[in-house]
1. Search region 89-111 for residues that are closer than 15 Å to Glu54 by Cβ and pair each with any residue that is assigned to a helix (DSSP H, G or I) when their beta-carbon atoms are under 7 Å apart and the residues are at least 6 apart or on different chains.
2. Please specify each residue of region 151-183 satisfying the condition of being in a helix (DSSP H, G or I), of a type in the set (S, T, N, Q) and buried (at least 17 other Cβ atoms within 10 Å of the Cβ).
3. For the structure I just gave you, tell me whether Trp125 is of a type in the set (Phe, Trp, Tyr) and modelled with pLDDT under 75.
4. Hey, can you tell me all the residues within region 125-150 that are within 21 Å of the chain's Cα centre (by Cα) and either surrounded by 13 or more Cβ atoms within 10 Å (Cβ to Cβ) or closer than 15 Å to Arg179 by Cβ (or both)?
5. Could you check how many residues of region 61-87 are farther than 25 Å from Pro47 by Cα and among the small types (Gly, Ala, Ser)?
6. Please specify each residue of region 29-87 satisfying the condition of being touching a Gly at 6+ places or on another chain (Cβ under 8 Å) and outside any helix (DSSP H, G or I).
Amino acid sequence: MADDPPYNDSLIDDALQRVSRGETAAFEVVLRRFERPLRAWLAAHVPLGVDGDEIAQRSFVAAFSRLHEYQPGTNFGAWLFTIARYQLRTETTRLRRIADYHARYGPELLQRELDRRCDESSEMWTTRLEHLHRCLDTLGDHLRRFVTWRYDEGIPLDEMATRSGRSLPAVKKQLWKIRQTLQQCIETRMAAPGGSSP
């Protein structure tokens, strides 16, 4: 932007020296200088399913915590982008492993779960549904809106991302977390004394 202050290598080096002396607030100079180019680079390189903003944040945190490894006078930007590449590679490897696990074991686990659910009585399902309604009531409004958008109104994920001001992967992750929370809540209620009674 036109009102951004000018940055040069000496300004960055000065900020890094101040951080190394314990003046952690000086790292903001580094953030302001590299946040936009790093996010732009990640936006062009992250595969589907990876949240570029998350990788950028992890990269800055890693750079800050490993600042003692940086050689003053060298190219800090190149060092930061190397960290970002490593963070991106780590995340894509993690997601690939998860996908591989689900591809190998997903069908068998799904069949087991379907078999288990088929063995449950209709009374049990009625009880689970009642618990679900109670668990939904425990969600805050900011989380409940995602449930309403997706399951009551059938809004597509990309529109949910636009409405919430989040990336598509972030919305998918939020929905996954909500489902996990609700599942845990239901299981806890079912396991409580009298929890499985209709």
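1. Listed by first residue and then by second, the contacts come to Glu91/Ile55.
2. Residues of region 151-183 that are in a helix (DSSP H, G or I), as a first pass: 151-152, 157-164, 168-183.
Of the ones still in play, those that are also of a type in the set (S, T, N, Q) are 162, 164, 174, 180-181, 183.
Gln174 - this is the single residue of region 151-183 that is in a helix (DSSP H, G or I), of a type in the set (S, T, N, Q) and buried (at least 17 other Cβ atoms within 10 Å of the Cβ).
3. Values: of a type in the set (Phe, Trp, Tyr): yes; modelled with pLDDT under 75: yes.
Spelling it out, Trp125 is indeed of a type in the set (Phe, Trp, Tyr) and modelled with pLDDT under 75.
4. Restricting attention to region 125-150, the residues satisfying the condition of being within 21 Å of the chain's Cα centre (by Cα) are 139-150.
Within region 125-150, Leu139, Leu143, Arg144, Arg145, Phe146, Val147, Thr148, Trp149, Arg150 meet the criteria.
5. Step one: list which residues in region 61-87 are farther than 25 Å from Pro47 by Cα, which gives 64-76.
This time we only want the ones that are among the small types (Gly, Ala, Ser), so: 65, 73.
Total satisfying the criteria: 2.
6. The one that is touching a Gly at 6+ places or on another chain (Cβ under 8 Å) and outside any helix (DSSP H, G or I): Val46.
The values are calculated or read from the model by the stated rules, or taken from the named source; none is laboratory data. This is a predicted model, so every value here is computed, not measured. Counting neighbours? That spans all protein chains shown, and the Cβs are built from the backbone with ideal geometry, glycine included.
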